[in-house]
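Presented below is the structure to which this report refers.
The values are calculated or read from the model by the stated rules, or taken from the named source; none is laboratory data. If you're wondering where the values come from, they're calculated on a predicted model, not measured in any experiment. No Cβ is skipped: glycine too gets one built from the backbone with ideal geometry, and neighbour counts run over all protein chains shown. The protein model used for the area step is the full one, side chains on, heavy atoms only, and it has no ligands, DNA or RNA in it. Shrake-Rupley method; radii C 1.70, N 1.55, O 1.52, S 1.80 Å.
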Amino acid sequence: MKDVLRIAVVNPNTTESMTAGVVARASLATRPGTELVGVTPGHGVATVESHTDEVTAALSVLEEVEKAEATDEPPAAYVIACFGDTGLQAAREVALGPVVGMTEAALLTATLVAHRFTVITMPRRTLAQSDRVVRALGLGHRCTVRAIDVPVSELADGSSHLLEAFVEQGRIAIQQESSEAIILGCAGLADLVVPLQARLGVPVIEGVAAAVVLAEGLVAQGVATSRAGTWARPDRPTTGDRS
């Protein structure tokens, strides 16, 4: 159906239940006529919680995008559903349509509704991944990053049980860091948007939904990734076959 806008939501980890949950919640933010297609790698890591995990997962993302691009009807756009935007830059090189990372999308959305904002990510050892994207966007003067030391695997069946922990960190950010908005720093935290916003009284931004909306907008404008330099297509084979 030509009237359907298909966006692939690529989960860099291999946990299918997390992919399904992320897609179901992000679908609530889509326009009529947009179809989100969840993509879960067939091999890789169950969660992305270290630099080693991230390298493995980035290759999985690249392979999945390449496979999708090789089909008769590739997606119009892609969303990378992992905080830290795992594999984003490589995916941009090989995808015909735009590729939006949930971290970049969340941070850029926050700049439109708040002067200062805080990312609350998980677990603590992943602070560096969030810091990296904040620095790359030049937002260190407006954004702080906090963490809850809980493994990503706890999100496989939802995130409502983490509400109080996020409320505590959010209140600290508002009171001590003058934050005016909160960014949820992990895919799979969409359950917290409404209750956390009610408890804190500031905007709460979920990155996958933000990325989907930005991807829709880029496609509507006919804007795709520039090939002028940084994201020019690779001039040699990329992943090959790891099966």
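Numbers below:
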item	result
Gain on full stretching of the segment that runs from residue 72 to residue 160 - 0.36 nm per residue minus C-alpha separation	27.7 nm
Exposed-site-free run, longest, the chain (rule: trypsin sites (Lys or Arg not before Pro); DSSP loop; at most 13 other C-beta within 10 Å)	3-226
With Cα atoms, 0 to 90° folded angle of helix 127-136 axis to the chain main axis	70
With all protein chains modelled, accessible area of residue 172 [1.4 Å, Å²]	40
Rg ratio (alpha-carbon, reference 2.2 N^0.38 Å) - the chain	0.96
Solvent exposure ordering (accessible area, 1.4 Å, most first) of 103, 40	40, 103
Dipole magnitude of the stretch 70-181, debye to nearest 20 (Cβ charges: Lys/Arg +1, Asp/Glu -1, about Cα centre)	500
Pairwise centroid distance, computed over Cα atoms, of the stretch 41-101 with the stretch 172-243, Å	14
Largest-first ellipsoid semi-axes for the stretch 1-107, taking √(5λ) over the Cα gyration tensor eigenvalues, angstrom	21, 15, 13
Amide H partners (placed H, <5 Å) of residue 121, local residues excluded	146, 147, 148, 185
Segment residue 198-residue 172, extension gain: residue separation times 0.36 nm, minus the distance between their alpha carbons	7.8 nm
With all protein chains modelled, accessible area of residue 50 [1.4 Å, Å²]	20
Separation of alpha-carbon centers, the stretch 1-27 and the stretch 116-153, rounded to whole Å	23
